[in-house]
Structure formats: structure tokens, C-alpha cells
Amino acid sequence: MEFVDAAVVAGWVAAAVWVAWLGACVGRAWLAADRPPGARPTLGVVCKAQSVRSRVLVVGLGCAVWFDVAQLAVVDVVEDRTGLSTVDPAMTAWFISHRSTTLTAAAKLASVAGSTVAMGALALLSVLWLAWRRCWRQAGTVVMAALGAAVMVSVMKPVLDRARPSPVHQLVVETNASLPSGHALGSIVVLGILTVVGFGVVRRLVIKAALVAIIAVVIVAVGFSRLYLGVHWPTDVLTGWLLGAAWLSVCVTALVLLTLRVPAPDLDQVAVGKT
């Protein structure tokens with residue numbers, strides 16, 4: 001489709017703009033950095049010279065841009081039936097050939113857990129709990145993340161209109177288009193934003209690490225379950241993850257900026273500096 005090629009070009013233009021913006025930020029921070037004359041700039045000096053909000057914006061939007069470029073590249077090879085998409089049939093056949101009663105039950109459970117209904121219900125319950133705690137900014141970000149993911153899936157599926165694998169090999173009934181995987185996209189967005197929100201409640205680093213590990217396993221299990229059940233091609237799931245990661249990057253950036261607390265300057269030190 002021609003619009004896919006146009007989207008890829010737009011994505012690379014956005015990436016080039018981000019690189020130029022990054023260079024401008026680094027250059028401005030280097031010039032503003034407090035360093036001896038003639039000294040080489042270091043990463044620490046440059047980062048210190050930048051404001052916290054600037055660093056959040058640069059990193060967050062950079063992740064969003066590059067994840068989006070990656071998913072556009074996958075969609076492009078799918079539309080052209082080249083590159084990575086050529087291994088879709090073989091990988092799908094591999095999953096089908098390794099089915100068992102136990103794995104089928106586990107895959108169906110993971111698929112239900114990562115469904116639009118389940119992720120929507122989880123997001124809704126989380127929003128109600130956050131509203132009860134008067135965490136309005138966090139609640140609003142979860143709403144934005146979940147609704148954005150739903151809109152992306154509902155718009156992209158009919159536009160791309162990719163056929164699913166043969167119904168003969170499908171273990172569950174799916175009637176809409178295949179690309180991208182709504183389960184993969186929705187799970188990475190909803191579970192991802194809730195994990196970031198949870199970081200504001202959990203203090204211990206060990207618990208945070210365990211939470212990230214568990215959520216990562218669940219997201220991967222949901223994606224793989226769709227391949228095992230024969231209702232998606234591997235590139236469908238990959239596109240869902242990448243597009244979801246791009247949108248998640250935007251939502252996390254917004255959340256961090258909304259909840260960021262920058263320490264107020266020390267007035268005594270400011271006064272001393274002026275004298």
C-alpha cells in the first residue's frame with residue numbers, strides 16, 4: 001500500500017528531527033556546562049547541564065520515535081511480502097506442530113488474560129483505585145494509555161486488512177483482521193503503564209525488579225499464545241509489541257513530566273552566587 005511507504009518516510013523524517021534535536025540539546029548543554037577552558041565535554045557534564053524535564057523529553061520521545069520506526073519497517077515488509085515476513089509461515093507451522101493438551105490450556109488462559117476485555121477491565125479497576133486514592137494524574141494517564149491502544153488497534157486492523165492464518169489451524173475463533181495483534185499491543189501498554197504507576201508505590205528495588213520480570217513474562221506469554229493458537233502471524237505480534245512500546249513511551253513520558261518534582265533552588269546558595 002502506498003500509504004505504508006509514506007508512513008515509513010514520515011517515520012524516518014521524525015527520527016531525523018529527533019537526532020537533530022538531540023544534537024542541539026547536547027550542544028546547548030555543552031556550551032552551558034561549567035567546565036575548565038579547553039576541557040573536553042563528558043556525558044556527565046552534558047547531562048548535568050540539562051534540566052531534568054529536558055532529559056525526560058529527549059529520552060521518552062526518542063524511544064517513541066524509534067519504536068515507531070521499527071514497527072513501520074515491519075509493516076512495510078509485511079505489505080511487500082519480503083524480509084522478516086517470509087518466515088511467518090514456517091514459524092507458525094512450528095508452533096502448530098508443538099501443540100499439546102497442557103500447552104493448549106495454558107495458551108488459551110494467557111490469551112484470555114491478555115484480551116481487550118481483560119486489559120480494559122484491569123485498566124478500569126486501576127483507574128477507580130487511583131481515583132479513590134486521589135491520584136488524578138496517574139489515573140488520567142492510564143485512561144489515555146488504554147484508550148489510545150484501543151484506538152490504534154481499531155484503526156490499523158481494517159486499514160491494513162491482513163488475513164489471519166488458515167482457519168483450519170486456529171484453536172479459537174477470530175473474525176477481524178490480523179495486523180497488528182491487539183493482544184500484544186494492549187497488554188504491553190496497559191501492563192506497562194500500570195508497572196510504571198506501581199513504581200510510585202513500591203520502594204524496594206528488589207520488588208520493582210521482580211515486578212518488571214513478572215510483567216515481561218506475562219507480555220511475552222500473551223504474544224506467544226496468539227501464535228500457538230494459530231490466530232496471528234509472528235510479525236503481527238512483533239508489530240503489536242513495537243507499536244505498543246512506542247505509545248507506552250509517550251504515556252510514560254507524559255506521566256513522568258506530570259508527576260516530576262524538581263527540587264527548588266537553594267536560596268542561600270543563589271544569594272552567595274550573586275555576590
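Points to keep in mind about this one:
- Criterion applied to Asp80, Asp68 was being out of contact with any Gly (no Cβ under 9 Å at 6 or more places or on another chain) and either of a type in the set (Lys, Arg) or within 30 Å of Trp18 (Cα to Cα) (or both), and the one residue passing it is Asp80.
- Of the set (1) surrounded by 15 or more Cβ atoms within 10 Å (Cβ to Cβ); (2) assigned to a helix (DSSP H, G or I), all apply to Leu147 but (1).
- Residues of the range 196-217 that are over 17 Å from Val142 (Cβ atoms) and touching a residue at least 12 places away in the same chain (Cβ under 8 Å): Val212 alone.
- As for the range 96-113, it holds at least one residue that is closer than 21 Å to Trp247 by Cβ, in contact (Cβ under 8 Å) with a residue 40 or more places away in the chain, surrounded by 13 or more Cβ atoms within 10 Å (Cβ to Cβ) and hydrophobic (A, V, I, L, M, F, W, C).
- With respect to being closer than 21 Å to Ala118 by Cα, out of contact with any Pro (no Cβ under 9 Å at 6 or more places or on another chain), buried (at least 16 other Cβ atoms within 10 Å of the Cβ) and free of Cβ contacts under 8 Å to residues at least 60 places away in the same chain, Thr141 falls outside the description.
- Qualifying positions in the range 150-170 - surrounded by 12 or more Cβ atoms within 10 Å (Cβ to Cβ) and either among the small types (Gly, Ala, Ser) or closer than 30 Å to Val212 by Cα (or both): Ala150, Met152, Val153, Ser154, Met156, Lys157
- Residues (in a helix (DSSP H, G or I) and of a type in the set (Val, Ile, Thr)) located in the range 76-124: Val77, Val78, Thr86, Val87, Thr92, Ile96, Thr101, Thr102, Thr104, Val112, Thr116, Val117
- Looking across the range 4-54, the residues that are loosely packed, with under 14 Cβ neighbours inside 10 Å, closer than 19 Å to Val65 by Cβ and either more than 22 Å from the chain's Cα centre (by Cα) or at pLDDT below 85 (or both) come down to Asp5, Ala6, Ala20, Gly23, Ala24, Arg53.
- Test: Ala107 is modelled with pLDDT of 95 or more and touching a Phe, Trp or Tyr at 6+ places or on another chain (Cβ under 6 Å): yes
- Qualifying position, being in contact (Cβ under 8 Å) with a residue 40 or more places away in the chain and within 24 Å of the chain's Cα centre (by Cα), among Val117, Val74: Val74
- Selection of the range 58-70 for residues being crowded, with 17+ Cβ neighbours inside 10 Å and farther than 20 Å from Ala10 by Cβ yields only Val58.
- Test set (1) within 30 Å of Val13 (Cβ to Cβ); (2) of a type in the set (A, V, I, L, M, F, W, C); (3) touching a Phe, Trp or Tyr at 6+ places or on another chain (Cβ under 9 Å) - Val77 fails condition number: (3)
The values are calculated or read from the model by the stated rules, or taken from the named source; none is laboratory data. Here the structure is a predicted model, which means the values were calculated and not measured. Cβ: placed from backbone, ideal geometry, glycine included. Neighbour counts: every protein chain shown.
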